[in-house]
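Take a look at this one; I'll ask things after.
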Amino acid sequence: MKMDVADLSLAPTGKKRILWADNDMPVLASIRERFTKEKPLKGKNVSACLHITAETANLARTLKAGGANVVLCASNPLSTQDDAAASLVKDFGIPVFAICGENRSTYYKHINAAIDHKPVITFDDGADLVNELHTRKKSEAHRIIASMEETTTGVIRLRAMANAGKLKFPVIAVNDAASKHLFDNRYGTGQSTVDGIIRATDFLMAGQKVVAAGYGWCGRGFAMRARGMGSIVIVTEVDYIKAIEATMDGFEVMTMADAAKEGDLFVTLTGNKNVIRAEHFRQMKDGAIVANSGHFNVEIDIPALKKISKKLNRNVRNHVDEYVLKNNRRIYLLAEGRLINLAAAEGHPASVMDMSFATQALEAEYVIKKRGKLAVAVHNVPLDIEHRVCRLKLQSMSIKIDRLTPEQVEYLASSGEGT
Ligand SMILES: NC(=O)c1ccc[n+]([C@@H]2O[C@H](COP(=O)([O-])OP(=O)(O)OC[C@H]3O[C@@H](n4cnc5c(N)ncnc54)[C@H](O)[C@@H]3O)[C@@H](O)[C@H]2O)c1
């Protein structure tokens with residue numbers, strides 16, 4: 001089997017981790033059980049460019065159970081769990097091309113190995129694989145039935161490609177499904193970002209001023225969890241509606257220029273670039289901690305930070321670089337500005353990835369059924385798939401909800417006045 005992982009001897013730890021995560025992924029497990037019998041993906045080559053974690057391993061197992069020939073590569077050079085990668089290869093017979101800490105050229109070599117697999121379905125978290133199929137590997141795009149996109153930044157890139165008339169095959173904005181972003185981006189990123197920061201720094205959240213840049217799904221989740229741990233949370237935004245929402249949710253809203261002077265910890269969750277810049281670093285307190293939980297490592301202007309620093313002490317603690325500014329203040333950058341929750345912690349808890357990956361697995365089945373009928377565009381996840389995932393999740397939690405009575409169905413459908 002062709003593959004490239006860090007160390008196959010890590011497989012036993014990885015297997016334990018994968019099976020532990022599986023305990024918390026009942027919806028995906030129920031889909032896997034059905035896929036094992038029905039084989040809806042039989043014989044299909046699938047390449048998935050995702051964070052290589054225990055949860056992703058369970059998605060890969062599910063696709064394989066459905067009959068697919070699955071290959072995985074990383075969607076981020078720092079997020080690979082080498083033990084999960086080793087176990088996928090050794091215990092589950094799934095080729096993986098991913099090594100934690102790989103450099104840019106290895107990262108792209110691995111994406112290309114996944115393309116050499118000649119996939120008909122691809123999965124992305126950030127659209128790097130799809131981008132490769134539209135640039136350097138255009139000749140391989142013709143066989144793609146559809147591609148699934150897991151994150152906000154990826155969907156933004158894909159919509160830009162579609163708007164420019166450059167998209168070559170249908171893509172599904174899995175991120176935009178309520179069964180994904182409402183839970184994964186909010187509760188998953190919220191909790192795991194706090195987790196990553198604490199593991200990296202041992203920071204006490206209580207009583208500290210925490211600045212959340214961006215009050216979208218991820219920002220809201222993080223702000224909520226930081227407040228829950230006793231932090232005084234400041235939000236920065238560029239969107240009027242989100243800014244009012246944050247204010248009414250009880251957060252202080254201000255510009256980054258003002259927040260820079262106040263914060264003890266800064267976290268970017270915007271999907272944008274250069275949100276924290278030189279003029280902000282210069283205003284920060286000695287010892288300020290800066291981290292990113294948005295998709296790419298461009299939210300914090302790291303080149304500018306380097307430029308205004310007189311000294312850089314790398315790895316003063318695992319995942320922590322110390323920048324000493326010319327004004328002698330120290331700024332601590334976590335995980336080189338990459339997704340802190342995946343670099344320093346384990347990414348989203350399995351229970352929340354259960355919903356995201358159940359949606360992904362059902363989508364894979366759906367696009368095969370719809371083969372040739374989907375327009376070359378960015379599609380939303382059909383509502384019945386979203387409902388199915390949420391229903392199964394509630395079932396797994398033994399939660400029952402009311403059903404509309406026939407009278408209520410009729411009432412809601414009628415346009416008459418209420419009496
Ligand atoms: N860490 C993770 O595991 C994880 C999980 C899901 C999504 N993401 C990534 O996190 C990022 C945010 O995702 P989301 O779903 O919350 O997106 P979103 O679109 O819901 O929210 C982004 C918010 O950032 C705001 N923003 C943009 N530029 C800003 C600036 N300069 N200053 C302040 N605010 C600004 C926007 O107005 C918006 O409200 C994306 O890159 C996404 O891919 C990360």
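Measure up K39/K137; K168/K373; K2/K166; K168/K242 against 23 Å on the Cα-Cα distance and list the ones that go over.
Violating the 23 Å limit, Cα to Cα: K39/K137; K2/K166; K168/K242.
Can you find, among F203, L342, F183, the residue sitting farthest towards the positive end of the charge dipole of the chain, where Lys and Arg contribute +1 and Asp and Glu -1 at Cβ?
L342
Can you spot the lysines whose alpha carbon is less than 25 Å from K400's alpha carbon? Ignore those fewer than 8 places along the same chain.
K180
If DNA, RNA and ligands are ignored and the probe is 1.4 Å, what is the ranking of R186, R159, R282 by accessible area, most exposed first?
R282, R159, R186
Where the only charges are on Cβ atoms (+1 Lys, Arg; -1 Asp, Glu), what is the dipole of the chain about its Cα centre, to the nearest 20 debye?
Once rounded to the nearest 20, the dipole reads 1280 debye.
Shifting gears a bit: Just read off the accessible area of C73 with the full protein assembly in place, 1.4 Å probe, to the nearest 10 Å².
C73 exposes around 0 Å² with every protein chain in place.
From the Cα gyration tensor of the chain, with a ≥ b ≥ c the square roots of its eigenvalues, which class applies: rounded if a/c is under 1.5, or else prolate if a/b is larger than b/c, or else oblate?
oblate
Here is a follow-up. Once you have the Cα-Cα distance between R403 and E336, take 0.36 nm times their residue separation minus that, and quote the gain in nm to one decimal.
Extending this stretch completely gives an extra 19.2 nm.
Report, in whole Å, the centroid distance computed from the Cα atoms of region 9-77 and region 130-166.
23 Å
Given the whole protein assembly as supplied and a 1.4 Å probe, what does the accessible area of K138 come to in Å², nearest 10?
Roughly 110 Å² of K138 is accessible to a 1.4 Å probe.
What whole-number value in Å² describes the accessible area per residue of the chain for a 1.4 Å probe?
45 Å²
A follow-up question, please. I need the phi-derived Karplus couplings for region 158-172: 6.51 cos²θ - 1.76 cosθ + 1.60, θ = phi - 60°, integer Hz, Gly and Pro marked x.
5, 5, 5, 5, 5, 5, 7, x, 9, 5, 9, 8, x, 10, 10
Still on this structure, please answer the following. Taking the Cβ of A85 as the centre, find all other residues whose Cβ is under 12 Å away and add up their charges (Lys, Arg: +1; Asp, Glu: -1).
-3
On the protein heavy atoms, probe 1.4 angstrom, tell me the percent of accessible surface of region 176-333 carried by carbon and sulfur.
Roughly 52 percent, rounded to a whole number.
Could you give the distance between the Cα centres of region 178-238 and region 327-360, to the whole Å?
Distance between centres, Cα-based: 11 Å.
Under 22 Å between alpha carbons, and skipping anything fewer than 8 positions from K285 in its own chain: which lysines qualify?
K209, K261, K306, K307, K310, K311, K326
So how do 31-43, 254-266 stack up, highest first, on mean other-Cβ count within 10 Å?
254-266, 31-43
Further question: Order of 109-119, 392-402 by packing, highest average Cβ count within 10 Å first?
109-119, 392-402
With each run of n ≥ 4 DSSP H residues scored as -39500 (n - 2.57), what mean residue ellipticity at 222 nm is computed for the chain after dividing by its residue count and rounding to the nearest 500 deg cm²/dmol?
The per-residue figure over the chain is -13000 deg cm²/dmol.
Give, as a single signed number, the net charge of other residues whose beta carbon lies under 15 Å from the beta carbon of G190, with Lys and Arg counted +1 and Asp and Glu -1.
Residues near G190 contribute +1 overall.
Using 0.36 nm per residue of separation minus the Cα-Cα distance, give me the extension gain between Y240 and Q395 in nm, one decimal.
Net length gain for the segment: 52.0 nm.
The values are calculated or read from the model by the stated rules, or taken from the named source; none is laboratory data. Owing to the predicted nature of the structure, the values given are computational and were not obtained by experimental measurement. Cβ: placed from backbone, ideal geometry, glycine included. Neighbour counts: every protein chain shown. The area values use the complete protein model at the heavy-atom level, side chains included, leaving out ligands, DNA and RNA. Shrake-Rupley method; radii C 1.70, N 1.55, O 1.52, S 1.80 Å.
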